[in-house]
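In what follows, a structure is listed as structure tokens, so that the remarks can point back to it.
The values are calculated or read from the model by the stated rules, or taken from the named source; none is laboratory data. Keep in mind that this is a model prediction, so the values were computed, not measured. Cβ coordinates were reconstructed from backbone atoms using ideal geometry, including for glycine residues, and neighbour counts include every protein chain displayed. Accessible surface is based on the protein model in full, side chains and every heavy atom, while ligands, DNA and RNA are left aside. Shrake-Rupley method; radii C 1.70, N 1.55, O 1.52, S 1.80 Å.
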Amino acid sequence: MKRLLIGSATLALALALSSVLAIAQDSPESLLPPGFDKPKPGPKPATPSDGSTAVVQPIPGAVRGSSGNATSTVRPATLPSGARIPTLKELESMSPDELDQLLGLKPKFDMPAAARRSLKQVGILAEDEGGMPPGSLGRQPAALIRAAIDGNKGRLVSRWGHILLRRGLAARLDAPTGMNPADFAAARAALLVRMGEGEAARQLVQDVDAGNYTPALTQAAVDAYQFTADITGICPVVTVIGGGRKDADWRVLQGICSSFQGSGASGMAQLDRLVGDQGWPQIDILLAKRYAGAAGKTRQMVKIEWDGVSDMNPWRYALSMAVGVAPPDSLLKDLPIRYAYVTATAPMAGLPARAQGADRAAAAGILSSTAMVDLYSQIYAQNDLSGPLAEAADTLRNAYLGETQASRMAAMQSLWDGAGDDEVRYSRQVLTAYAAARLTPSGDFAAQSPDLVASMLAAGLDQNALRWGEQADIGSLTWGQLALAAPNRTAPVELGALDSFYGNDPSDGYRKSRFLLAGLAGLSRVERDTITGFSEKLGVDLGRQTKWSRLIVQAADLNNRELVILLAGLGMQGDSWTKMTSFNLYHIVSALNRVGLSAEARMIAAEAVARG
């Protein structure tokens, strides 16, 4: 015998249904004997002699027809909200969220009135915490800001440029003129996700109450929670938005959130209905059910079968990490770089996988030197780990605590040389930054000094790096980095020194020499005649103008740090320094230096020479 389970919402709906039916059944017309429902017209009443008009009281519940006469038509039974009363079969298939929406019980906010936040300034970092002036973009055209943010694909050539752009996007800011503050937050969060900064994106969307979400911010929030594999984090938003979205991703999230809100059977039923063309592939639904099954009384164990699965997608990866199921190695080969960024910052991922991702994330600017050292310290303390990763952790310890300078230098060199490509090598230099700073400058390590200086500058340790100035020959790579990194250099660099650097430059197309000139010119550390002469030798024109260069110059003229940062990020896009031009680098360094971000300008310029 089929059992119908009626929850509180269903019971309320049933009571409303019986009430409406009772009203319909007790109407006066339903109580009239047969033949009296359409009475014949009587004689026309006489017109009163005093000129008054007779008033005919309409039958209660009757509806006037087009002729003005009362009819026996009864309105269809509806809920107080005006919605049609569903059948019992439809009630059985409804989720709690659908029932709440039908009964008008769906919340419009996830916060009580006294705790709701203003949209005046949305962000993570206040100005006194390293953010930007809140009114920086308030008077700027919305179209310009949207173009600067939406036009950025997220991958930057510079580690320091990435760090600076993350800081600008996370700042607590007023929205530009004519732009919805929630949409402004959505654009910034979406770019942070594209940059691999899922944690910052999640914090940013959490700064807006769910009741103020727009479609754009809802999607940005979904992407941020997906990136961090924090599936249930989106549930308050799902509850408030409810049926406002109908796409497959949203309906899956509704099923998962329903399970975690106490309706396990209903949530599982929703997920079962989403397999196929109108929903998700079978493997993804299984992962979603495995995740949802951990909540409530259902406690379902779902077996994950990878047979027939030939690719990876963001939701599949996020749910795999969330439930602790490792996909087959064949699905993890040659994945886009975003998956490495996800893994590097995922606390539920294993240490070997996190370290592999960190070898990409550190070079990008997502992980700091301290975070890298913490990660390898955990690996060193894990006694059951062996192989190259455990050896690298042991080597890092020797880089810090080796008995002699030579042994510490050898350990660092081993870590750098053990990298598979230039990007991983730079991540290893981020890892060894503080170990390099502990090394006493010596002519014995003159050959390694370019890497030592690059390692220290990767963590912003410019004062430690400058101690190696006496070991740097004019025109060497070490000299070039320090000429840019020094905070208080007053003497201009002469043409002869640049010519010497040019003669030692092994890079394709003298890229390092181009970057050195652009950086020095942007920092105003070279005379105009020297710029002209060396530019002719390199075949570059730093004086030409483009729409982008005019905008960033104007932003610097207005001393608008935030706008300069956004435009600088737009001009630093690319997956390697081979995609960067000396023209863009010059304008970026110059604009940053002019608006008071000279430390960031110096680090970007020095990084360009080191990695170019």
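Some values worked out for this structure:
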{"read-out": "Subset of region 554-565 that is open to solvent by 20 Å² or more (accessible area, probe 1.4 Å) and part of a loop (DSSP other than H, G, I, E, B) - its residue that is nearest to Leu144 (Cα to Cα)", "value": "Leu558"}
{"read-out": "Odd one out for Leu385 among (1) closer than 30 Å to Met301 by Cα; (2) assigned to a helix (DSSP H, G or I); (3) modelled with pLDDT under 95", "value": "(2)"}
{"read-out": "Residue match in region 289-310 (condition: closer than 18 Å to Tyr225 by Cα and either open to solvent by less than 10 Å² (accessible area, probe 1.4 Å) or touching a strand residue (DSSP E or B) at 6+ places or on another chain (Cβ under 6 Å) (or both))", "value": "yes"}
{"read-out": "Counted residues, region 499-518 - those being over 38 Å from the mean Cα position of the chain (by Cα) and under 16 Å from Ala608 (Cα atoms)", "value": "4"}
{"read-out": "Residue match in region 415-426 (condition: part of a helix (DSSP H, G or I), among the small types (Gly, Ala, Ser) and either at pLDDT 95 or above or out of contact with any Leu (no Cβ under 9 Å at 6 or more places or on another chain) (or both))", "value": "no"}
{"read-out": "Residue count, region 442-472 (criterion: among the small types (Gly, Ala, Ser) and part of a helix (DSSP H, G or I))", "value": "7"}
{"read-out": "Members of region 481-509 found to be of a type outside the set (D, E, K, R) and not in a helix (DSSP H, G or I), listed by number", "value": "Ala486, Pro487, Asn488, Thr490, Ala491, Pro492, Val493, Asn504, Pro506, Ser507"}
{"read-out": "Boolean, Gly475 is open to solvent by less than 50 Å² (accessible area, probe 1.4 Å), within 16 Å of Pro450 (Cβ to Cβ) and not in a helix (DSSP H, G or I)", "value": "yes"}
{"read-out": "Matching residues, region 441-472, being within 41 Å of the chain's Cα centre (by Cα) and surrounded by fewer than 18 Cβ atoms within 10 Å (Cβ to Cβ)", "value": "Gln463, Arg467, Gly469"}
{"read-out": "Flag for Glu391 being in contact (Cβ under 8 Å) with a residue 12 or more places away in the chain and in a helix (DSSP H, G or I)", "value": "no"}
{"read-out": "So Ile588, is it buried (at least 22 other Cβ atoms within 10 Å of the Cβ) and either in contact with a His (Cβ under 7 Å, 6 or more places away or on another chain) or aromatic (Phe, Trp, Tyr) (or both)", "value": "no"}
{"read-out": "Residue satisfying condition, being open to solvent by 10 Å² or more (accessible area, probe 1.4 Å), within 28 Å of Gln203 (Cα to Cα) and more than 26 Å from the chain's Cα centre (by Cα), within set Gly276, Gly262, Gly324", "value": "Gly262"}
{"read-out": "Single match in Ala381, Ala346, Ala419 (criterion: among the small types (Gly, Ala, Ser) and open to solvent by 50 Å² or more (accessible area, probe 1.4 Å))", "value": "Ala381"}
{"read-out": "Helices (runs of 4 or more DSSP H) (entirely within region 188-288) containing at least 1 residues that are touching a residue at least 12 places away in the same chain (Cβ under 8 Å) and among the small types (Gly, Ala, Ser)", "value": "198-205, 215-227, 248-260, 264-272"}
{"read-out": "Arg525 being part of a helix (DSSP H, G or I) and at negative phi", "value": "no"}
{"read-out": "The lone exception for Pro450 - which of (1) under 19 Å from Leu375 (Cα atoms); (2) at pLDDT 95 or above it fails", "value": "(1)"}
{"read-out": "Candidates Met268, Met301, filtered to the one that is out of contact with any helix residue (DSSP H, G or I) (no Cβ under 7 Å at 6 or more places or on another chain) and at pLDDT below 95", "value": "Met301"}
{"read-out": "Selection within region 135-150 - buried (at least 18 other Cβ atoms within 10 Å of the Cβ) and under 21 Å from the mean Cα position of the chain (by Cα)", "value": "Leu137, Ile145, Ala148, Ile149"}
{"read-out": "Test: residue in region 485-499 that is open to solvent by 60 Å² or more (accessible area, probe 1.4 Å), among the charged types (D, E, K, R) and over 25 Å from Gly596 (Cα atoms)", "value": "yes"}
{"read-out": "Test: residue in region 566-583 that is assigned to a helix (DSSP H, G or I), over 24 Å from the mean Cα position of the chain (by Cα) and under 22 Å from Arg188 (Cα atoms)", "value": "no"}
{"read-out": "Among (1) in contact with a helix residue (DSSP H, G or I) (Cβ under 9 Å, 6 or more places away or on another chain); (2) open to solvent by 30 Å² or more (accessible area, probe 1.4 Å); (3) more than 30 Å from Tyr510 (Cβ to Cβ) - the single one Pro388 does not satisfy", "value": "(1)"}
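Condition check ((1) modelled with pLDDT under 95; (2) in contact with a Phe, Trp or Tyr (Cβ under 6 Å, 6 or more places away or on another chain); (3) more than 21 Å from Gly418 (Cα to Cα)) across all residues:
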| position | (1), (2), (3) |
| --- | --- |
| Asp334 | yes, no, no |
| Arg338 | no, no, yes |
| Arg354 | no, no, no |
| Ala361 | no, yes, no |
| Gly365 | no, no, no |
| Thr370 | no, no, no |
| Asp374 | no, no, no |
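Here's the yes/no breakdown for (1) under 21 Å from Val157 (Cβ atoms); (2) part of a helix (DSSP H, G or I); (3) in contact with a Phe, Trp or Tyr (Cβ under 6 Å, 6 or more places away or on another chain):
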{"site": "Arg511", "(1), (2), (3)": "yes, yes, no"}
{"site": "Gln545", "(1), (2), (3)": "no, no, no"}
{"site": "Leu551", "(1), (2), (3)": "yes, yes, no"}
{"site": "Gly596", "(1), (2), (3)": "no, no, no"}
{"site": "Val609", "(1), (2), (3)": "yes, yes, yes"}
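Condition check ((1) of a type in the set (Gly, Ala, Ser); (2) at pLDDT below 95; (3) open to solvent by 30 Å² or more (accessible area, probe 1.4 Å); (4) touching a strand residue (DSSP E or B) at 6+ places or on another chain (Cβ under 7 Å)) across all residues:
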residue	(1), (2), (3), (4)
Phe501	no, no, no, no
Lys512	no, no, no, no
Leu517	no, no, no, no
Val526	no, no, no, no
Asp541	no, no, yes, no
Thr546	no, no, yes, no
Gly571	yes, no, no, no
Ser598	yes, no, yes, no
